[in-house]
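Visitor: Here's a structure for you.
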Amino acid sequence: MTDLHAALRRAVTDAAEPGAAELSTALGETLRDEASDGPVVFQRLKSRVYRLRLGESSPERRSFVLKRFDPWLARRNELVARRWLPALGLGDRCPQLYTVAAERSGSWIWHVYEDIGDGAIDPENPDRPSVVAVVELLASLHTRAARHALLPGCRHICGDLGAPYFAANVRDAIAVLERLEQRPVRDRLLDRLYRLRHEQSRRAQALEDLGGPDTLLHGDLWTTNTFVAPPHAAVGSATYDLSTFLYRFAPCDRPWILEAYARAVAPSGWTLPSGPELNGLFETAEYSRYANRIIWPAVALLEEGAAWGWDTLTEVERWFDAMTPVLPL
């Protein structure tokens with residue numbers, strides 16, 4: 001074993017992560033021909049995500065991002081990086097996936113990506129060229145994937161974030177809340193969900209009439225997670241991604257960001273609905289996410305008596321209370 005590979009094994013193993021042995025073996029094979037005169041730096045970025053730097057003091061230093069996924073998410077992200085984005089001519093717009101390593105029991109999968117930096121956008125002080133670049137890339141994803149032959153496979157593996165997502169989350173959230181003990185926050189959330197259930201047909205019809213063709217979605221388009229990492233991916237209306245992204249910015253910035261998207265999709269023959277119509281579609285997407293966030297703390301309360309579940313439900317209620325339209329009325 002070379003000094004580099006021994007250092008890799010020590011750095012990865014010291015992190016005490018599941019699958020460390022398999023990961024270090026995969027890294028050793030991937031970097032078989034590498035030489036490094038400097039130290040190996042293994043830095044934790046957040047839960048299940050690390051940065052690996054080789055040869056910090058060398059002009060030829062290299063850096064990688066290592067991510068630990070459950071098998072389903074790992075497979076989905078691998079398909080995004082290696083099959084779906086390349087099929088759309090966008091394979092060079094996300095980090096290269098170098099290798100994959102499965103923990104011995106199969107419970108966890110490690111991905112090793114090229115490190116292209118953090119790439120986060122500051123929504124409080126947005127740099128217009130950077131935001132427009134992200135929006136134009138998002139528009140390319142949406143317009144190229146719309147009605148593409150890969151969509152059925154994407155939907156089968158990743159799911160649908162359109163009307164079925166709204167209906168399922170509202171239905172499941174109601175089901176679990178109804179089984180909880182009566183508390184004011186539980187009752188208020190149920191009242192909101194009953195109203196959303198009553199509006200389900202209208203919202204589904206609006207998505208059908210105004211939401212545009214189903215397409216491949218990023219699915220998790222926060223300003224800290226644009227295209228520096230493989231998108232989480234799903235299928236649905238482009239308005240799902242747009243609502244996630246626009247809500248991160250101040251209301252005064254949203255119109256010019258939306259206008260940049262409209263300009264980017266126009267050459268493909270796409271036109272956006274009116275402002276009030278978009279607000280309705282964005283609201284449906286946001287309510288879908290809120291309903292989803294109700295389900296899991298409620299389940300934890302039912303199955304484990306987890307006290308934190310009430311705090312989380314109270315926080316979700318605050319989201320409902322604070323929600324305002326994306327675009328000025």
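The values are calculated or read from the model by the stated rules, or taken from the named source; none is laboratory data. This is a predicted model, so every value here is computed, not measured. When we count neighbours, we look across all protein chains shown, and the Cβ atoms used for this are built from the backbone with ideal geometry, even at glycine. Ligands, DNA and RNA are stripped out before the accessible areas are found, and what is left, the full protein with its side chains, is counted by its heavy atoms. Shrake-Rupley method; radii C 1.70, N 1.55, O 1.52, S 1.80 Å.
Visitor: Checking the a/c ratio against 1.5 first, then a/b against b/c, what shape does the Cα gyration tensor give for the range 83-128?
Guide: Taking the square roots of the gyration eigenvalues as a ≥ b ≥ c, the range 83-128 is oblate.
Visitor: Let me ask something else. Which of the peptides 144-153, 292-301, 239-248 is most tightly packed, and how do the rest follow, going by the mean number of other Cβ atoms within 10 Å of each residue?
Guide: 239-248, 292-301, 144-153
Visitor: Now for a separate question. Based on the Cβ-Cβ distance from Asp191 to Asp220, what FRET efficiency comes out when R0 is 30 Å, to the nearest 0.05?
Guide: 0.55
Visitor: Let me ask something else. How much of the accessible area of the range 219-320, in percent, comes from carbon and sulfur atoms when a 1.4 Å probe is used?
Guide: 55
Visitor: Give me the 1.4 Å probe accessible area per residue for the chain, excluding ligands and nucleic acids, in Å².
Guide: 49
Visitor: May I pose another question? Pick from Ser105, Ser268, Ser288: which is most flexible by mean-square fluctuation in a GNM of the chain where alpha carbon atoms under 10 Å apart are linked?
Guide: Among Ser105, Ser268, Ser288, the largest GNM mean-square fluctuation belongs to Ser105.
Visitor: So, one more: What FRET efficiency comes out for the pair Glu304/Arg183, r = Cβ-Cβ distance, R0 = 22 Å, nearest 0.05?
Guide: Computed FRET efficiency for Glu304 and Arg183: 0.85.
Visitor: In addition: For Ile116 and Glu208, compute 0.36 nm times the residue count separating them, minus their Cα-Cα distance, and round to one decimal in nm.
Guide: Stretched fully, the Ile116-Glu208 segment lengthens by 29.3 nm.
Visitor: Find the centroid of the Cα atoms in the range 300-328 and in the range 191-211, then give the distance between the two in whole Å.
Guide: Computed from Cα coordinates, the inter-centre distance equals 20 Å.
Visitor: Can you tell me the 0 to 90 degree angle between the C-alpha axis of helix 200-210 and the longest principal axis of the chain, rounded to 10?
Guide: Tilt of helix 200-210: around 70 degrees.
Visitor: Cα axis of helix 184-198 to longest principal axis of the chain: angle in degrees, 0 to 90, nearest 10?
Guide: Taking Cα atoms only, the helix is inclined about 80 degrees.
Visitor: Rounded to the nearest 0.05, what FRET efficiency do Arg104 and Ala322 give with R0 = 51 Å and r taken as the Cβ-Cβ distance? Could you check?
Guide: Working: r = 46 Å, r/R0 = 0.89.
Between Arg104 and Ala322 the formula returns 0.65.
Visitor: Now, a different point. Under 8 Å for C-alpha pairs, at least 6 residues apart: give me the relative contact order for the chain, rounded to a whole percent. Intermediate values should be presented prior to the final figure.
Guide: Values: 481 pairs, mean separation 52.6, N = 329.
Answer for the chain is 16 percent.
Visitor: Counting only helical runs of four or more DSSP H residues, what would the 222 nm mean residue ellipticity of the chain come to if each run contributes -39,500 (n - 2.57) and the total is spread over all its residues?
Guide: Mean residue ellipticity at 222 nm (helix-derived): -16000 deg cm²/dmol.
Visitor: Could I ask something else about it? Below 12 angstrom from the Cβ of Thr215, what's the summed charge of the other residues (Lys, Arg +1; Asp, Glu -1)?
Guide: Surrounding charge for Thr215 is 0.
Visitor: Now, a different point. Counting only protein heavy atoms and using a 1.4 Å probe, what share of the accessible area of the range 94-211 belongs to carbon plus sulfur, as a whole percent?
Guide: Working: 2900 of 6310 Å².
Carbon and sulfur: 46 percent of the exposed surface of the range 94-211.
Visitor: Let me ask something additional. Please give the direction-averaged projected area of the C-alpha convex hull for the range 52-164, in square nanometres with one decimal. Don't skip to the answer; put the middle values down first.
Guide: On the way: hull surface 41.5 nm².
About 10.4 nm², averaged over all directions.
Visitor: Take peptides 159-167, 195-203 and line them up by average Cβ neighbours within 10 Å, highest first, as a rough protection proxy.
Guide: Averaged packing, sorted descending, gives the order 159-167, 195-203.
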